[in-house]
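Single-structure report; data block below.
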Amino acid sequence: ISQEENTLRELRIFLRDICAKLARNKQFFMFTKPVDIEEVPDYLEIIKEPMDLETVMSKIDKHCYICARDFLDDIDLIVRNALEYNPDKSAEDKHIRHRACSLRDKAYAFIKAEMDSDFEDTCRDIRDKR
Ligand SMILES: Cc1noc(C)c1-c1cc(NS(=O)(=O)c2ccccc2)cc(C(=O)O)c1
């Protein structure tokens, strides 16, 4: 097993732990699974690239993420979709926008708290070489 593969395996373990912690948080229940088109029939007319935490977890296992930045880009996509689909002044829309911003802040805080920057630099070097 090359040193690169060791680094990427460590990244996957780290990202699974963070994704599991986000998905366990009751606040983020609505982000844990793809939006149900039965429940929200016009969703795919407005949101062209759906994303959710279950999909993120399966992407980790499919080795889709080579660095934490790639993972955070999908978290940002979950947030952007929620803000775009729920833009109104209504209490429900404000509630989900607040939860989406909290998801982003928690994800960034976990990465910052638990990932040392030269580990991320190493991952970026691997990504840029590919
Ligand atoms: C996400 C999202 N983006 O636009 C909207 C609107 C939501 C959203 C969608 C749902 N209902 S759902 O059947 O698609 C679902 C249930 C459980 C987990 C994931 C999705 C509920 C809620 C809620 O706030 O409870 C929010």
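A few notes on this one:
- Test set (1) surrounded by 12 or more Cβ atoms within 10 Å (Cβ to Cβ); (2) acidic (Asp, Glu); (3) more than 12 Å from the chain's Cα centre (by Cα) - residue 70 fails condition number: (3)
- Residue that is most open to solvent (accessible area, probe 1.4 Å), among those in the stretch 89-99 that are more than 8 Å from the ligand (Cβ to nearest atom) and part of a helix (DSSP H, G or I): 98
- In the set 103, 53, 11, only one residue is of a type outside the set (Lys, Arg), open to solvent by less than 40 Å² (accessible area, probe 1.4 Å), away from the ligand (no atom under 11 Å from the Cβ) and within 17 Å of the chain's Cα centre (by Cα); that residue is 11.
- Checking each residue in the stretch 32-50 for being more than 11 Å from the ligand (Cβ to nearest atom) and in contact with a helix residue (DSSP H, G or I) (Cβ under 7 Å, 6 or more places away or on another chain) picks out only 49.
- Note on the stretch 14-50: among residues that are outside any helix (DSSP H, G or I) and open to solvent by 100 Å² or more (accessible area, probe 1.4 Å), the one that is farthest from residue 111 (Cα to Cα) is 38.
The values are calculated or read from the model by the stated rules, or taken from the named source; none is laboratory data. The structure displayed is predicted, hence computed values, not measured ones. Here Cβ is always computed from backbone atoms with ideal geometry, including for glycine, and neighbour counts include all displayed protein chains. Side chains included, ligands, DNA and RNA excluded: accessible areas come from the protein's heavy atoms. Shrake-Rupley method; radii C 1.70, N 1.55, O 1.52, S 1.80 Å.
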